[in-house]
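**Q** Once you've had a glance at the structure underneath, I'll fire off some questions.
The values are calculated or read from the model by the stated rules, or taken from the named source; none is laboratory data. What you see is a predicted model, and the numbers here were worked out from it, not measured in a lab. In this analysis, Cβ positions are derived from the backbone assuming ideal geometry, glycine residues included, and neighbour counts consider all displayed protein chains.
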Amino acid sequence: MSTASPAAVPPVPAAEGLTHRQILTILSGLMTGMFLAALDQNIVGTAIKTIADELHGLSAQAWVTTAYLITSTIATPLYGKLSDIYGRKKFFMAAITIFIIGSAMCSFAASMYQLAAFRAVQGIGAGGLFSLALAIVGDIVPPRERAKYQGYFLAVFGTSSVLGPIIGGFFAGADSILGITGWRWVFLVNVPVGLVALFIVARTLHVSHFARPSAIDWWGAFTLVVGVVPLLLVAEQGREWGWTSPNSLTAYAIGVAGLIAFIWVETRMGNAALIPMRIFKDRTIAIALGGGVVVGSGMFGGMLVIPLYLQIVHGATPMDSGFQMLPMVLGMMIASVVSGQLMTKTGKVRIFPIVGVLLMVIALLMLSRISADSDLRGVMALMFLFGLGLGNTMQPLTLAVQAVVDPRDMGMATSAATFFRQMGGTLGVAVFLSVLFNSVGDNIKNAFVAAAKDSSFVAALSDPAVLANPTNKAFVTALSTQDTSAFGNVLADSSVINALDPRLAHPFKVGFATSMDLVFLLGAIVCAAGLVILLFMPEVHLSSRSAQQRAADDAAARAAGVAGPTTGAQRTVTHDLVDAVTAEAGGHSLDELPDAGEAYQTRPRS
């Protein structure tokens, strides 16, 4: 039996880390792609009502959001798995390209249903922008160092949340720009931004990929679509359909059947599965994903209601509310930077999402006590506290998953974390909006009953100066004739509140604030449940070697005929053992002993 000569052994890429400058160069491309999607969400959210009015399809407005949500959610795990097999760069560039094409198509929409179809194309691209950017960071940056770079990504979200409403309000308010209807620039602006992103990514994103032949789990993708699409549909449309209507019940049945089929298919596909069931055997991953669903529900519910409170109760324009939410953005960035530095220094993750969710629970409980007359400065202080919680929660949970997963599964694991958090957020938004609008009608009526005893409100009903305004007069007439359509009109178009005399509008604001308090309270309860789940998450020790370096080590070991580590849990146990052994030798960890430590790390656990 002959042995291969050293020259016959395939070359293995060197396991050398990137410099800080190289990492920042790559991050510039990733952040441009993420900024593209994040900015689009905020711009469209601000301008959607104007767009619906222009296309005479206000009743179809929800389908524009639903179409985008469905395709982006479904595409997320597909991008993750395919990028693990074929490499990240080509799929990240494909995601940007699809997003640009979808944006250009949206700018030519002639109806709301056309716009919904084009937004679905956009969503296919958006599904890869967030998850692949985080996966690439997981590839090139060691877990121990990764935390300190998360502030750059939160800066993208913070900037887009401020610029989005401003740009969206500007485009929505313009009759035409360069001969093109103003609202069409809401989508058209993505084209030049996307082309810049594409150019930067093509020039800067140079990452190694270790070939991983694998079957493509088409049946898993199909059953995931069958399972998730009906549930997303009912989450978005259930309030309009009725949660127990035939449409909703049919969606529930198809969704549950699809998810059962998906689990069965994934179990049979093994390692080739879209989301391999084996990852849930790892306690850290199972708790991080499960906690992400629950925390995502409460988190997105709270983030949804805060701007509604600012706009409806305090009369802020979408542009104004973007500025007023700066304290939350500031809190997110401060917490992200501080927690990132501490995670880099200590190499531990567990405490940060626990502290973050606790801060979110406290903030939401305090927000559940605000009223229509609360000082905006106090509300903004609570928003800052909520932002501190978000900054300690969002990235550490993803980092925990990335830290324990096999390097070859980085894309799958990162997209799974994004997918589960997005599903939780969608569920939370659906439930909280349902609670809000199902309770606000009765709360407004109760507020008007209480206002009947308020002398200033009674005086406004007969004040000639108030009645000189046609909007005020029509509303007072509706009240005097007990025409309840006045309440229904406000629920359909809350802008009427700002057109009324402040004394007449106050009961509406009280009713909305009361319902929002209930939503904040429910959000606090949901986040508290997530906190309990996260308390069971084991400590994660962050390595100082990136996924690419670890994959190179594995490839070198295989080329030399030595079996490399097969699971993330294996490496975690190895880290714990070596850290314990070396603690008495000066307190150095495995990561600080690369020569001996990494050699030990490549041995499979018996």
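**Q** Quick check on my filter: what residues within the range 436-483 are closer than 17 Å to residue 496 by Cα and β-branched (Val, Ile, Thr)?
**A** 440, 444, 466, 471, 476, 477
**Q** Just name the residue that is surrounded by the most Cβ atoms within 10 Å (Cβ to Cβ) out of those in the range 501-522 that are part of a helix (DSSP H, G or I) and more than 30 Å from the chain's Cα centre (by Cα). Before you say what the answer is, go through the steps one by one.
**A** We begin by selecting, within the range 501-522, every residue part of a helix (DSSP H, G or I); these are 502-522.
Going one step further and asking which of them are more than 30 Å from the chain's Cα centre (by Cα), we end up with 502-508, 510.
Numbers: 502: 12, 503: 18, 504: 23, 505: 21, 506: 22, 507: 23, 508: 28, 510: 21.
Restricting to residues being part of a helix (DSSP H, G or I) and more than 30 Å from the chain's Cα centre (by Cα), the top hit is 508.
**Q** Looking at (1) in a helix (DSSP H, G or I); (2) in contact (Cβ under 8 Å) with a residue 60 or more places away in the chain; (3) under 23 Å from the mean Cα position of the chain (by Cα), which is the only condition residue 275 fails?
**A** (1)
**Q** Right, something else. Would you be able to say whether some residue in the range 230-240 is surrounded by fewer than 21 Cβ atoms within 10 Å (Cβ to Cβ), more than 23 Å from residue 79 (Cα to Cα) and polar (S, T, N, Q)?
**A** Yes, there is a match, as at least one residue in the range 230-240 is surrounded by fewer than 21 Cβ atoms within 10 Å (Cβ to Cβ), more than 23 Å from residue 79 (Cα to Cα) and polar (S, T, N, Q).
**Q** Only one of 340, 356, 347, 331 is in contact with a His (Cβ under 7 Å, 6 or more places away or on another chain) and either under 20 Å from residue 149 (Cα atoms) or β-branched (Val, Ile, Thr) (or both); which?
**A** Details: 340 fails: in contact with a His (Cβ under 7 Å, 6 or more places away or on another chain); 356 fails: in contact with a His (Cβ under 7 Å, 6 or more places away or on another chain); 331 fails: in contact with a His (Cβ under 7 Å, 6 or more places away or on another chain).
Of 340, 356, 347, 331, the one residue that is in contact with a His (Cβ under 7 Å, 6 or more places away or on another chain) and either under 20 Å from residue 149 (Cα atoms) or β-branched (Val, Ile, Thr) (or both) is 347.
**Q** Given the criteria at pLDDT 75 or above and farther than 25 Å from residue 333 by Cα, does residue 123 qualify?
**A** On the way: at pLDDT 75 or above: yes; farther than 25 Å from residue 333 by Cα: yes.
Taking the combined requirement at face value, the residue satisfies it.
**Q** A follow-up question, please. Quick test for you: out of 352, 386, pick the one residue that is touching a Ser or Thr at 6+ places or on another chain (Cβ under 6 Å), part of a helix (DSSP H, G or I) and at pLDDT 85 or above.
**A** Details: 386 fails: touching a Ser or Thr at 6+ places or on another chain (Cβ under 6 Å).
352 is the lone residue from the list that is touching a Ser or Thr at 6+ places or on another chain (Cβ under 6 Å), part of a helix (DSSP H, G or I) and at pLDDT 85 or above.
**Q** May I ask you to say which residue of 306, 354 is farther than 30 Å from residue 283 by Cβ, of a type in the set (A, V, I, L, M) and in contact (Cβ under 8 Å) with a residue 24 or more places away in the chain?
**A** Of the residues listed, the single one that is farther than 30 Å from residue 283 by Cβ, of a type in the set (A, V, I, L, M) and in contact (Cβ under 8 Å) with a residue 24 or more places away in the chain is 306.
**Q** Let me spell it out: the conditions are (1) at pLDDT below 80; (2) exposed (fewer than 12 other Cβ atoms within 10 Å of the Cβ); (3) more than 26 Å from residue 310 (Cβ to Cβ), and residue 463 meets all of them except one. Which number is the exception?
**A** (2)
**Q** Can you tell which of 71, 76, 66 is closer than 29 Å to residue 240 by Cβ, among the β-branched types (Val, Ile, Thr), surrounded by 15 or more Cβ atoms within 10 Å (Cβ to Cβ) and at pLDDT below 80?
**A** Being closer than 29 Å to residue 240 by Cβ, among the β-branched types (Val, Ile, Thr), surrounded by 15 or more Cβ atoms within 10 Å (Cβ to Cβ) and at pLDDT below 80 holds for just one of 71, 76, 66, which is 66.
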